[in-house]
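Everything below concerns the one structure shown next.
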Amino acid sequence: MPKTASLKIDDQELELPIIVGSEGEKAVDVRKLRASTGYITFDEGFGNTGSCQSEITFINGEEGILRYRGYPIEQLADKSNFIDVAYLVIYGELPTADQRSAFSARLSAESDLTEDMVRFISGFPKSTHPMSVLAASMNGLGAYYPHLATNNHKHDLGHFDDAAAIAMAKVRTIAAHSYRVTRGLPLNSPRAEYGYAETFLHLMFSEPGQDYVPTPEVASAINLFLLLHAEHEQNCSTSTVRMVASAGANLFASASAGVSALWGPLHGGANQAVLEMLTAIHEAGDDGSKFIEAAKNGEARLMGFGHRVYKNHDPRAKIIKGSFDKALESLGIIDDPLLDIARNLEAAALSDDYFISRKLYPNVDFYSGLIMNALKIPVDMFTVMFAIGRMPGWVAQWHEVAANPKSKINRPRQIYVGPTPRDVPDSV
Ligand code: SDX
């Protein structure tokens, strides 16, 4: 493989270094391009642009490969659990038994919220979307733990383990509290004896005198959902976390920015948009075929289909689909009209050239929306669930920026296409 790429531009010939990753990904290093030629690169949407070198996640979109710290997602889904995978993503190795119990103990110890934080969350109007509460509250953690939220161009990582545990532990409690508050329901307190997923379901659904105890299948479906969402390299929200971290901002502020980016329906908000799409199709009396035609005419978008990177299949979608059938069986759900429509859309998209030619396969959000609906998770909590799952990834990626002594502030260039110089008229 050549060590450089030759660029002939104007009257110059330039040799640009080639960077090769540990899995053979290749990049032309253009860091000296502007200084040498006055040109910049242009790549709207960054589909051809590497923003960093990272040791956390590897994706091969053409082959549908996803690995966290070298471990294939299929093996992690089969043999591990969300807390161990969160530890792996953040610290680089699967935990030993001692490390697992210390990490779990930290998360349990940090699960509850202070009284004034509960008052802060309770101050939102009942009509507030839980993602709005989550974004505000994640940033708000810095106010309640100022010693963990110092903004510094040379990040102080002395308290990283505490900040990471608080982000992981509190995101779940804030999420559940935002659900209870917006429904006018009394808040539940975390239970040390419950696991991570079980605690979330307890916080969400227990009522005074009536604890919600999930079936093992439901707890396992939530645990798998969180594990599959734990990390995904430089997606929109994670790139946002890195962007904010690059300015020297603390973990809570950076994660809050990640929550805001994830909320968009083209990204993490797609799981909620999938359910809204299926419900609208059902209410229109359509079995999905009319909607497919509308999508092919560009009048509608098949939410839960397509991916910027996966052009073969989303490995997470395959795994979550498998667990989906088991969860439905344990819930005794046999016929669900939305499920029938979803299956019609999937069958059409996998056979119609419009979708095949554009490589629009079902992505993780297509099935995760269906699973959460079957588990009676409220639709406006779907993307919140995604944020809970993605927190380890955001923590790990923030740390990768913060711990890099050569890290630079992210500041892309642009091509200006606005008005050329003109004078302000005397009488405005
Ligand atoms: C996530 O990046 C990540 O890793 C994200 C994620 C993670 O874990 O962090 O994997 C999570 O965000 C998954 C994606 C969830 N979003 C959706 O399901 C929303 C629906 N999908 C799309 O809007 C779209 O596919 C994207 C946003 C996911 C990808 O968009 P791209 O790569 O910018 O593709 P594009 O918009 O340029 O579309 C290419 C063509 C266009 O048609 P033409 O202009 O060539 O005629 O495909 C069409 C698009 O109109 N198209 C779709 C479509 N997605 C793309 N047409 C109908 N339905 C769709 N879903």
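Bear in mind that the values in this text are calculations on the coordinates, not laboratory data. From a predicted model like this one, the values you see are computed outputs, not experimental measurements. Cβ atoms come from the backbone with ideal geometry, glycine included; neighbour counts cover every protein chain shown.
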Spin-label zone in segment 308-335 - amide nitrogen under 16 Å from a point set 7 Å from the Cα of residue 212 along the C-beta vector: 331
Equivalent ellipsoid semi-axes, the chain, via Cα gyration tensor eigenvalues times 5, rooted, Å: 36, 29, 23
Principal axis dimensions, segment 288-428 - Cα atoms, whole angstrom, descending: 73, 45, 33
Point-charge dipole on Cβ atoms (K/R +1, D/E -1) for the chain, about Cα centre, debye to 20: 940
Relative intensity, log₁₀ I(q)/I(0), of segment 4-66 from a Debye sum that treats every alpha carbon as a point, q = 0.13, 0.19, 0.20, 0.22 Å⁻¹: -0.45, -0.86, -0.92, -1.04
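Could you list, in their original order, any pairs among 290/376; 321/359; 8/32; 3/406; 79/359; 26/296 whose Cα atoms are separated by more than 25 Å? Before the final figure, lay out each step's value.
On the way: 290/376 28 Å; 321/359 19 Å; 8/32 15 Å; 3/406 23 Å; 79/359 30 Å; 26/296 34 Å.
Distance filter (> 25 Å) returns 290/376; 79/359; 26/296.
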Interchain or long-range residues, amide H under 5 Å from residue 5's placed H: 16, 18
Which of 241, 280, 88, positive extreme of dipole for segment 72-416 (C-beta unit charges): 241
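With a sphere of radius 10 Å drawn around the Cβ of residue 273, what net charge do the other residues whose Cβ falls strictly inside it have (Lys, Arg +1; Asp, Glu -1)?
On the way: positive: 301; negative: 276, 365.
Combined, the nearby Lys, Arg, Asp and Glu give -1.
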For segment 134-204, alpha-carbon Rg and Dmax in angstrom: 14.1, 43
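For segment 4-66, what is the relative contact order in percent, using Cα pairs closer than 8 Å and at least 6 residues apart in sequence? Each step should come with its number before you reach the end.
Numbers: 50 pairs, mean separation 11.4, N = 63.
The normalised contact order for segment 4-66 reaches 18 percent.
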Segment 72-416: relative contact order as a whole-number percent, Cα under 8 Å and 6+ apart: 25
Charge dipole (the chain, unit charges on Cβ, about Cα centre) - positive-most of 125, 378, 40: 40
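From the P(r) of segment 120-259, could you give the percentage of C-alpha pairs in the tail past 22 Å? Don't jump to the answer; show the numbers that get you there.
Values: 4369 of 9730 pairs.
Roughly 45 percent, rounded to a whole number.
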Separation of the residue 162 and residue 379 label points, Cα + 7 Å toward Cβ, nm: 4.3
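When the helices in the chain are scored as -39500 (n - 2.57) per DSSP H run of 4 or longer and the sum is shared across all residues, what 222 nm value do you end up with, to the nearest 500 deg cm²/dmol? List each step's numbers first, then the result.
Numbers: 18 runs with 216 residues, N = 428.
Per the formula, -15500 deg cm²/dmol.
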Coordinate range along principal axes, alpha carbons of segment 181-290, Å, largest first: 48, 48, 29
Difference of contour (0.36 nm per residue) and Cα-Cα distance, residue 128 to residue 329: 69.0 nm
Hz values of 3J(HN,Hα) by residue in segment 149-165 - Karplus curve (6.51, -1.76, 1.60), Gly and Pro given as x: 10, 7, 8, 8, 5, 10, 3, 8, 8, x, 10, 4, 4, 5, 5, 5, 5
